[in-house]
1. List pairs: first in segment 53-71 and among the polar types (S, T, N, Q), second crowded, with 20+ Cβ neighbours inside 10 Å and in a helix (DSSP H, G or I), Cβ under 6 Å, 6+ apart or cross-chain?
2. If you scan segment 36-69, which residues turn out to be hydroxyl-bearing (Ser, Thr, Tyr) and either part of a loop (DSSP other than H, G, I, E, B) or more than 28 Å from the chain's Cα centre (by Cα) (or both)?
3. Can you find a residue that is exposed (fewer than 15 other Cβ atoms within 10 Å of the Cβ) and under 30 Å from Ala163 (Cβ atoms) anywhere in segment 33-43?
4. How many residues are surrounded by 15 or more Cβ atoms within 10 Å (Cβ to Cβ), out of contact with any Leu (no Cβ under 6 Å at 6 or more places or on another chain) and aliphatic (A, V, I, L, M) when one looks only at segment 2-18?
5. In the list Leu105, Leu101, which residue meets the criterion of being out of contact with any Gly (no Cβ under 6 Å at 6 or more places or on another chain), surrounded by 11 or more Cβ atoms within 10 Å (Cβ to Cβ), modelled with pLDDT of 95 or more and assigned to a helix (DSSP H, G or I)?
6. With the requirement that a residue be farther than 11 Å from Thr148 by Cα, among the hydrophobic types (A, V, I, L, M, F, W, C) and in a helix (DSSP H, G or I), what does segment 1-20 give you?
7. Of all residues in segment 78-96, which are of a type in the set (Val, Ile, Thr), under 23 Å from Ala146 (Cα atoms) and surrounded by 11 or more Cβ atoms within 10 Å (Cβ to Cβ)?
Amino acid sequence: MPEALKTYVRIVDAFNRRVGRIVMYGVFVMMGILLYSSISKTMFLPSQWTLEMAQFVMAGYYLLGGAYSLQLDSHVRMDLLYGRWSPRTKAMVDVVTIFMLFVYLYFLLYGGISSTAYALKFGETSYSSWRPYMAPIKIIMVVGIALTFLQATSILIKDIAIARGRPIA
């Protein structure tokens, strides 16, 4: 493999690992928001923002954590035959099937960029009574999809190297 591709893999893997490790703690932020929501509903006046904010935090959690999940190979996979194959056979099959992921991510990214541009241009807000601006969560969505696209490219490069018999260390 050319050194530039190895460098790309190292940089993307390291960056997504850091982002994923930081975003992992977002579940605690969401739990704190929901705990506050429960307490405020029973002891004080209910807050309008808590449920929607918890949804935004959860969306950021799984969108920004998607690349890390892909990197760790911890996503859901149908494993009827795949688990019995050699690493080289797995890599060859993954090289072919990852293009379906690229198509899916392309359309997600295209729609996300279009939706984010609309939210920024027109100051789009949610339809709830709280009415938060939608642009921040849409920006996070686009960043998460882009990071997943970069990680999928890194995995493709690693799978090609394994299929060729020269894995990237």
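1. Gln71/Asn16; Gln71/Gln151
2. Ser38, Ser40, Thr42, Ser47, listed by residue number.
3. no
4. 2
5. From the options Leu105, Leu101, the qualifying one is Leu105.
6. Ala4, Leu5, Val9, Ile11, Ala14, Phe15, Val19
7. Residue satisfying the conditions is Val95 alone.
Yes or no, residue by residue, for (1) assigned to a helix (DSSP H, G or I); (2) of a type in the set (Ser, Thr, Tyr); (3) within 16 Å of the chain's Cα centre (by Cα):
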| position | (1), (2), (3) |
| --- | --- |
| Thr89 | yes, yes, no |
| Thr97 | yes, yes, no |
| Gly111 | yes, no, yes |
| Ser114 | yes, yes, no |
| Arg131 | no, no, no |
| Ile137 | yes, no, yes |
| Thr148 | yes, yes, yes |
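The values are calculated or read from the model by the stated rules, or taken from the named source; none is laboratory data. Since we're looking at a predicted model, the values are computed, not measured. As a convention, Cβ positions derive from the backbone with ideal geometry for all residues, glycine included, and neighbour counts pool all protein chains shown.
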